[in-house]
Amino acid sequence: MTNGYSYNPQGGLDTGADLIALTKKLESSLADLTRAAEAFKIANEGEAPANYAVAQNEWNQGQTAMNMAMGKGIQALDAIHNEILMGDKKGAAGFGG
């Protein structure tokens, strides 16, 4: 068992990159869903296409909210990463490094 902490700077950056990649995958998935929804609306009549459009609007709003949350998360991870590196440099300077 160790006392203290361990931080891999590259791991901190990788987490932000993973969130960006996940956001892009979600956007791609939503684009696929939008294409399928358009095909559904064209092929059908009645209330179903209109209700599907309402549901699609909710998905779009959810995607926007998720993108905003991920953006905030990435900014927070970047800030944490920078603070840890700055603290590490200050600590190293105390030992003459």
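The values are calculated or read from the model by the stated rules, or taken from the named source; none is laboratory data. Every value quoted in this text rests on a predicted model; they were computed, and no experiment measured them. Cβ: placed from backbone, ideal geometry, glycine included. Neighbour counts: every protein chain shown. What goes into the accessible areas is simple: the full protein's heavy atoms, side chains included, and nothing from ligands, DNA or RNA. Shrake-Rupley method; radii C 1.70, N 1.55, O 1.52, S 1.80 Å.
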Checklist entry - Hey, any hits in segment 59-70 for a residue that's under 30 Å from Asp88 (Cβ atoms), in a helix (DSSP H, G or I) and out of contact with any Lys or Arg (no Cβ under 7 Å at 6 or more places or on another chain)? => result yes
Item to check | Single match in Phe40, Phe95 (criterion: aromatic (Phe, Trp, Tyr) and outside any helix (DSSP H, G or I)) | outcome: Phe95
Next on the checklist: Please go through segment 68-87 and give me each residue that is surrounded by 13 or more Cβ atoms within 10 Å (Cβ to Cβ) and either farther than 19 Å from Asn8 by Cβ or without any contact (Cβ under 8 Å) to a residue 24 or more places away in the chain (or both), ordered by number.
Outcome noted: Met70, Gly71
Checklist outcome for this item: Result of the Cβ filter at 8 Å on segment 13-26, keeping first residues that are under 19 Å from Ile80 (Cβ atoms) and in contact (Cβ under 8 Å) with a residue 60 or more places away in the chain and partners that are open to solvent by less than 80 Å² (accessible area, probe 1.4 Å) and part of a helix (DSSP H, G or I), at least 6 apart or interchain, is Leu13/His81; Thr15/Leu77; Gly16/Ile74; Gly16/Leu77; Gly16/Asp78; Gly16/His81
Checklist entry - Residue check, Ser29 against (1) at pLDDT 85 or above; (2) surrounded by 13 or more Cβ atoms within 10 Å (Cβ to Cβ); (3) of a type in the set (Ser, Thr, Tyr), all met but one. Which one? => result (2)
Checklist entry - What number of residues within segment 44-56 satisfy the criterion of being open to solvent by less than 80 Å² (accessible area, probe 1.4 Å) and in a helix (DSSP H, G or I)? => result 7
Item to check | Out of Thr2, Thr15, Thr23, sole residue that is modelled with pLDDT under 85, open to solvent by less than 50 Å² (accessible area, probe 1.4 Å) and of a type outside the set (A, V, I, L, M, F, W, C) | outcome: Thr23
